[in-house]
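Since the structure comes first, as structure tokens, the remarks are kept for the end.
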Amino acid sequence: MKLIVGLGNPGGEYSDTYHNVGFIALDLLASRFRAPDFAYDKKSDSDLTDISVGGEKILLCKPRTYMNLSGNAVAFLSRYYKIEHKDILVVYDDIDIKKGIVRARLSGSAGTHNGMRDIVAKLGGVGFARIRIGTGLKPCYMQLADYVLAHFGSAEKPLLEKSFAAACDFAEAWARGEAWQDLTVAVTAE
């Protein structure tokens with residue numbers, strides 16, 4: 001069994017915000033595989049569904065713990081299902097990467113992302129894969145929290161939608177066991 005986690009915040013007020021691109025990408029991945037609807041799991045405090053890739057069950061998780069406590073759900077599911085760190089993939093937003101850039105790595109630090117910091121702390125290591133979707137640097141006049149929780153505009157949607165698709169392509173390749181180290185793709189709105 002493998003685990004793919006999309007990071008975000010629960011609730012309609014956070015949909016279409018930069019901090020929820022992990023949720024959005026995971027919804028797209030679930031749709032590609034015609035997964036059952038996500039259902040709330042009280043034990044992990046997450047919305048879960050599963051898909052099958054090459055005969056292997058892949059659990060898809062959207063933690064409801066809010067971003068900064070994402071590690072609670074990931075660590076619980078890892079222990080409960082005995083999922084090794086190498087079989088975990090996390091998809092999330094990254095303000096240190098330009099919009100239109102998607103990066104995939106098999107391991108690495110949490111960087112400046114509080115949700116990833118919590119996951120690293122609660123898993124006790126960094127040996128899990130991650131896909132970072134660039135959301136761009138915040139404008140100098142905005143506070144970081146205001147920026148990541150801002151709704152993206154309609155002009156940005158085509159570029160972000162292509163970023164979500166690229167993230168799903170990386171996630172599918174990872175789920176199939178295809179070898180990838182550090183991958184970066186730049187997408188355009190056209």
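The values are calculated or read from the model by the stated rules, or taken from the named source; none is laboratory data. All of these numbers come straight from a predicted model, not from anything done at the bench. Cβ placement follows ideal geometry from the backbone for every residue including glycine, while neighbour counts extend to all protein chains displayed. Quick note on the areas: whole protein, heavy atoms, side chains included, nothing else; ligands and nucleic acids left out. Shrake-Rupley method; radii C 1.70, N 1.55, O 1.52, S 1.80 Å.
The set of residues in segment 172-190 being assigned to a helix (DSSP H, G or I) and either open to solvent by 50 Å² or more (accessible area, probe 1.4 Å) or touching a residue at least 24 places away in the same chain (Cβ under 8 Å) (or both) consists of 172, 174, 175. Here segment 100-151 is the region considered, the condition is being of a type outside the set (Gly, Ala, Ser), open to solvent by 40 Å² or more (accessible area, probe 1.4 Å) and in contact with an Asp or Glu (Cβ under 7 Å, 6 or more places away or on another chain), and the residue that is farthest from residue 170 (Cα to Cα) is 151.
Taking the criterion of being charged (D, E, K, R) and either open to solvent by 70 Å² or more (accessible area, probe 1.4 Å) or in contact with a strand residue (DSSP E or B) (Cβ under 9 Å, 6 or more places away or on another chain) (or both), the residues of segment 152-171 that qualify are 157, 161, 162, 169.
Okay, residues lined up against (1) open to solvent by less than 60 Å² (accessible area, probe 1.4 Å); (2) more than 11 Å from the chain's Cα centre (by Cα):
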residue	(1), (2)
1	no, yes
14	yes, yes
17	yes, yes
22	yes, no
33	yes, yes
37	no, yes
42	no, yes
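Pairs are defined by a Cβ separation below 9 Å, a sequence spacing of at least 6 or placement on different chains, a first member in segment 153-171 that is more than 16 Å from residue 103 (Cβ to Cβ), and a second member that is basic (Lys, Arg); the pairs so defined are 156/99. The residue that is modelled with the lowest pLDDT, counting only those in segment 47-90 that are open to solvent by 30 Å² or more (accessible area, probe 1.4 Å) and hydroxyl-bearing (Ser, Thr, Tyr), is 66.
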